[in-house]
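The values are calculated or read from the model by the stated rules, or taken from the named source; none is laboratory data. Keep in mind that what you see is a predicted model, and the values were worked out from it rather than measured. As a convention, Cβ positions derive from the backbone with ideal geometry for all residues, glycine included, and neighbour counts pool all protein chains shown.
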Amino acid sequence: MIKLTLSLIVLIITYFLIFTNRRIRATSAFFGAIFAIVLGLIKFDQAISYIDFNKLGIIIGIMIFTIIAKESGIFQYLALKVIKYSKGNPLILLITLSFLAGFLSSILDEITTLLFLTNITLAITYILGISPLPFLISEIIFANIGGLATYIGTPVDIMIGSAANLNFYDFIYHMTPISLILVIANIFYLINLFKDTLRKNNIPTEIISRLNKIDEKKAITNPALFKNSLLILSIVLIASFFSHIINLNLAIIYLSGAIILLIISQDRPDEIYAQIDWRIIFFLIGLNVLAGTLVENGLIEIISSKLLSFSGGNLNFLSLITLGLSTFMSSFFDNIPIVALAIPIIENISHHLGSTAITVLWWALALGANIGANGTLIGTASNLMVADIAEKNNQPIPFWYFVKVSLPLVIINLIIASIYVYLRYLN
C-alpha cells in the first residue's frame, strides 16, 4: 500500500510539472521515472522492459528521414506550388495549405511538417499582406486530423499502434475513412467560418501577376536528394503497408529507410543526429517507466476494475466513454501523457474482456486523442510549436481565439466520430 501511495504521489507531481511547464516536460517525465526507480517503486530491469523500443525506433526513423529530405527543398517546392495554384485567392490558399498539412502529417513527422509550413505560411501571408491566423489555425487542425489516418501520422498513433500490436494496414483500414470524413467536415466548417475575413483581403494585382512567374523548381536545391527522398519514401510506405505480410517490424523499416537516405545524401551523421528532437524521446521513455510503475504497484488494476464495474463490462459503454474522455482530456492537457496512462488501462481491461473484443477501445482512444488535440493550443506539442513561431514573428495566436474557433469543431468531430464508432463497431 505504501508503494502504491508513493507511485501515485510521484505520478501526480510529475504530471503537474508536465502540464504546468511545457518547457521542462521531458525533464519532468524522465526525472519522475528515475525517482520512481530510486525509491524502489520499480526495479531497473522492470523499468527497461516497459520502454517501447519499437515506438521509439519508428519516431527516430521518421525524424531522421524528414530532417534529411527537407534539405532537398521539398517543403519549399510544395509551398510554392500551393501559392501558384491559389493565384493569390486567400480562400483557395486556405484550402490547399490545409490539405497539404493533413497529407504531409500522415506520411512524415508532424512536428517537422508544421515547423516548415508555419514559417512558409508566415512568409506567404506577409507577401500577400493578409493575416496568417486563419491559415495557421487551419494547418494545426488538419495536421492532427490528417495524422490520425496512418500509423505514423502522430506520436499518439505510434504509441497506440505499438502497444496494441496493430500494423500500418490496420490504421489505413480503420482510421483513414473517418479521417477523410472529418477532413471534409472540417474544411466546410473553416471555409464558412473564415470566408468573410478572407474575402475582405484585397491583394494587389501586381502581386498576383508576380505569383504566376514563380518557378517552383528553383526551390529544389538538391535535385538528386529530392528524387532519392521521394523514391525511398515510396518504398518505405509500400513496405509499411505490407509489413504484416512480409513480417517486418515498422521500426526496422523506417530506420532502414532513414539510414539508407543518410548514406546516399552524404550528410555528416552527427549533424543529422543533433537535429533529432531528443526531448520527445526522453519524454516517452519517462512516461513508459511511470506507466510501468503504476502497473507493478497495482494502480492500473484498480482503475481497470473500477471501470469494468462501473460499465458492467459493456463494451459499447466503455468505447464511447474512452472516446469522450480521451477527446476532452486531450483538449485541455497534452495528449501524449494522457495516452501513456490510458494504454496500460486498456491493456488491463483486455485481460478481462479479451484482446480481440477490446480492439475498438484502441480505435476510440486514437480518435479521441487526435480529435481532442485540436481543442486548445496545449493539446499537443505541435500546436505549441506553431504558436511559438507565430509569436516570435509578431503574429501571436490568441489562446481564447483559438479555443473559440477550434472547440466547437472538436465537438462536431466528436459527434461524427461517435456515430462512426457506433455504426462500424458497436451496432
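For the range 248-294, taking the residues that are hydroxyl-bearing (S, T, Y), within 30 Å of F31 (Cα to Cα) and surrounded by 15 or more Cβ atoms within 10 Å (Cβ to Cβ), the one that is nearest to the chain's Cα centre (by Cα) is identified as Y254. Does I300 satisfy being touching a residue at least 40 places away in the same chain (Cβ under 8 Å), part of a helix (DSSP H, G or I) and within 30 Å of H351 (Cα to Cα)? Yes; evaluated as a whole, the condition is true for this residue.
Right, V410: under 30 Å from A123 (Cβ atoms), of a type in the set (V, I, T) and in a helix (DSSP H, G or I) or not? Let's see the steps before the verdict.
Working: under 30 Å from A123 (Cβ atoms): yes; of a type in the set (V, I, T): yes; in a helix (DSSP H, G or I): yes.
So V410 passes the test.
A quick yes/no check of all residues on (1) modelled with pLDDT of 90 or more; (2) acidic (D, E); (3) buried (at least 21 other Cβ atoms within 10 Å of the Cβ):
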| residue | (1), (2), (3) |
| --- | --- |
| G313 | no, no, no |
| N316 | no, no, no |
| I321 | yes, no, no |
| S331 | no, no, yes |
| D334 | no, yes, yes |
| P344 | yes, no, yes |
| I349 | no, no, yes |
| H352 | no, no, no |
| S355 | no, no, no |
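Taken over the range 314-337, the residue count meeting the criterion of being in contact with a Gly (Cβ under 8 Å, 6 or more places away or on another chain) and part of a helix (DSSP H, G or I) is 12. Name the single residue that is nearest to A373 (Cα to Cα) among those in the range 1-39 being basic (K, R) and touching a residue at least 60 places away in the same chain (Cβ under 8 Å). In this case the residue turns out to be R22.
In the range 256-315, which residue that is among the hydroxyl-bearing types (S, T, Y) and touching a Leu at 6+ places or on another chain (Cβ under 7 Å) is nearest to G354 (Cα to Cα)?
Applying the filter and picking the extreme gives S311.
Being within 14 Å of L367 (Cβ to Cβ) and either part of a helix (DSSP H, G or I) or among the polar types (S, T, N, Q) (or both) is the filter here; which residues of the range 160-169 pass it? Don't jump to the end; show me each part of the working.
Let us first name the residues in the range 160-169 that are within 14 Å of L367 (Cβ to Cβ), namely 160-161, 164, 166.
Correct list: I160, G161.
Considering only the range 227-247, I want to know if a residue exists there that is in contact (Cβ under 8 Å) with a residue 60 or more places away in the chain, surrounded by fewer than 18 Cβ atoms within 10 Å (Cβ to Cβ) and β-branched (V, I, T). No, every residue in the range 227-247 fails to be in contact (Cβ under 8 Å) with a residue 60 or more places away in the chain, surrounded by fewer than 18 Cβ atoms within 10 Å (Cβ to Cβ) and β-branched (V, I, T). Of the residues making up the range 371-427, those that are surrounded by fewer than 22 Cβ atoms within 10 Å (Cβ to Cβ), at negative phi and among the polar types (S, T, N, Q) number 5.
Restricting attention to the range 1-57, the residues that are loosely packed, with under 15 Cβ neighbours inside 10 Å and small (G, A, S) total 2. All of (1) under 18 Å from the mean Cα position of the chain (by Cα); (2) under 26 Å from L261 (Cα atoms); (3) surrounded by fewer than 22 Cβ atoms within 10 Å (Cβ to Cβ) hold for D157 with one exception: (3). Residues in the range 180-198 that are within 24 Å of the chain's Cα centre (by Cα) and either exposed (fewer than 15 other Cβ atoms within 10 Å of the Cβ) or closer than 22 Å to I92 by Cβ (or both): 11 in all.
Just for the range 34-66: of the residues that are β-branched (V, I, T) and assigned to a loop (DSSP other than H, G, I, E, B), which one is nearest to Y151 (Cα to Cα)? The qualifying residue nearest to Y151 (Cα to Cα) is I51. Residues in the range 122-138 that are touching a residue at least 12 places away in the same chain (Cβ under 8 Å), part of a helix (DSSP H, G or I) and over 17 Å from K87 (Cβ atoms): L122, L133, P134, L136, I137, S138. Given the conditions (1) modelled with pLDDT under 85; (2) surrounded by fewer than 24 Cβ atoms within 10 Å (Cβ to Cβ), and given that I107 satisfies all but one, which numbered condition is not satisfied? For I107, the failing item is (1).
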